[in-house]
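The values are calculated or read from the model by the stated rules, or taken from the named source; none is laboratory data. What you see is a predicted model; the values in this text were computed from it and never measured. Neighbour counts run over all protein chains shown; Cβ positions are idealised from the backbone, glycine included.
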Amino acid sequence: MLELRGITKKYQVFPAVNDVSFEVKPSEILGYLGPNGAGKTTTIRMLAGLLEPTEGSIYYLDKKIKDNLYEYKKRIGYVPEEAEIYPHLSAYDYLLMVGRLRNIPEKILNEKIERFMSLFSLAEDMHSSISSYSKGMTQKVLLSSALLHNPDILLLDEPLSGLDVETSLIIKDLVRKLSQEGKIIFYCSHILEVVEKVCSKVIIIHRGKIVANDSVENLRNLMKLPSLEDIFSQLVIREDSEKTADHVLKAMKLDS
């Protein structure tokens, strides 16, 4: 089980994530939703071991991840929202580097890379530099690098970004199948309809705090709203949008 206990992350004095606690069990797909600036990417970067919390701790299998970060990172696959990749490398060379860092035996690694590149329709381009790739092609390389070592935990930050419809369907089906194999999956996205269909549980974060944590079905019943989009709007958007609209109106009338 992956668990956050009282996690706060401050930048100077501002808390980007404020006293957040939740757990993700094996076979669960946890959807993590929120507007821009809510704290989603900060949370996932802490889960990936790239940021250290200001307060609180993250646990995996009841052990603090910071006590043995190297061993923990061996268990995770991470797809960041922004491509953190070496653009001068080819997809093949990049995945070769990642696989070697993961200590995957060379023969198995080469076979895996070729299979991933073929399945993601990159076989003809895998020796071209990543700088020549489209957003969708780069995303396929990031997904391949996250899956290469068969991780126990998948941290996905907008994993469908830039992907064509066919590949998006493959990834959604793959996420479901991985959860059935007992993987822990943390799925951060702004595409509400995908989260509603794929995720077993949903957390909505707003201004660094959790405002909802339940299954989509329970949230629907509790709030008497038909869809996750309506729930998200009710909890996060409506109040802010009305305030912003009022401020725009006032700004318009400044010279009246």
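Taken over region 177-195, the residue count meeting the criterion of being surrounded by fewer than 20 Cβ atoms within 10 Å (Cβ to Cβ) and at pLDDT below 90 is 5. Pairing residues of region 39-51 that are farther than 17 Å from I184 by Cα with residues that are of a type outside the set (S, T, Y) and part of a helix (DSSP H, G or I), at Cβ distances under 8 Å and at least 6 apart in sequence or on separate chains, gives L51/R45. Here is the figure for region 5-23: residues that are touching a helix residue (DSSP H, G or I) at 6+ places or on another chain (Cβ under 9 Å) and farther than 10 Å from P53 by Cα total 3. Number of residues in region 49-92 that are over 24 Å from K10 (Cα atoms) and part of a strand (DSSP E or B) equals 3. Against the conditions (1) hydroxyl-bearing (S, T, Y); (2) under 16 Å from the mean Cα position of the chain (by Cα); (3) at pLDDT 95 or above, T42 satisfies every one except (3). Within region 79-93, if we keep just the residues that are of a type outside the set (A, V, I, L, M, F, W, C) and modelled with pLDDT under 95, the residue that is farthest from the chain's Cα centre (by Cα) turns out to be H88. Residues that are part of a loop (DSSP other than H, G, I, E, B) and closer than 15 Å to Y32 by Cβ within region 162-193 comprise S189, H190, I191, listed in sequence order. For region 121-169, a residue qualifies if it is hydrophobic (A, V, I, L, M, F, W, C), closer than 23 Å to V195 by Cβ and crowded, with 16+ Cβ neighbours inside 10 Å, and the qualifying residues are L142, L143, A146, L147, I153, L154, L155, L156, L160, L163.
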